[in-house]
Amino acid sequence: MKIRKCKTDDLSRIAEIYVFNNRVNFFHIFKNEKFSFGGLQVVSLANNYFNKNEVIENTYVYDDGVVKGFIQMKGTEICKLSVDTFFQNKGIGGELIEFAIQKLHADNLWALEKNIKAIRFYKRHGFYLTDEKKFLDDTDEYIVKLIR
C-alpha cells in the first residue's frame, strides 16, 4: 500500500492539495474571494494548521513517489480527505478511505451538505447520512453527519 504516516516534509504539499481542493470544490458555494484567495494560503496553512503535533500524528498521505492525497483523522472521525485535483478519479481517495476504515477504524465524518460529490463518494464506501446536521462555523451552510 502506498499510504504512510505524514512527515513534516509533507506539510507544504498537503497544504497545497487542501488549498486547491478547497478553491475548486467550495468557492462556488461560499463565493468568498477574501477567504479563498486571501486568507487560504499554502504557506500559512502549512505553518499554522498542519504543523501541529496532533495533526501530523493523525494525518496519512498517499505517496507513490509524489504525495497525491491525504486523510486526517481525529479518533475514528475523518476530519479531512483530499486528493490533488490532477489525480482525482484514479482510486486514490478510495484507497485512503479504505485504509482509514480498516486500519484506523474510521466510522464517522461531517460533510458539507451541498458537496453532493463527496457525499456520494462516502456512501460508496459504506457511510450513510444521519439526521444530524449543523451550521459550518461562521457560515450559513450546513454540514451533515455520516456514519458507518
Choose one of Val55, Val83, Phe135: the residue whose Cα lies farthest towards the positive end of the charge dipole of region 53-148 (beta-carbon charges +1 Lys, Arg; -1 Asp, Glu; about the Cα centre). Val83
Taking the alpha-carbon centroid of each part, what is the distance from region 17-39 to region 59-95 in angstrom? 19
Quick query: amide H of Asn115 versus all other amide H atoms, modeled in the peptide plane; which residues come in under 5 Å with a sequence gap of 5 or more or a different chain? none
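Note down the magnitude of the dipole of the chain about its Cα centre, charges +1 on Lys and Arg C-beta and -1 on Asp and Glu C-beta and zero elsewhere, to the nearest 20 debye.
On the way: 23 positive and 20 negative charges, 71 e Å.
Using Cβ point charges on Lys, Arg, Asp and Glu, the chain gives about 340 debye.
Values in this text are rule-based calculations from the coordinates and carry no lab data. Owing to the predicted nature of the structure, the values given are computational and were not obtained by experimental measurement. When we count neighbours, we look across all protein chains shown, and the Cβ atoms used for this are built from the backbone with ideal geometry, even at glycine.
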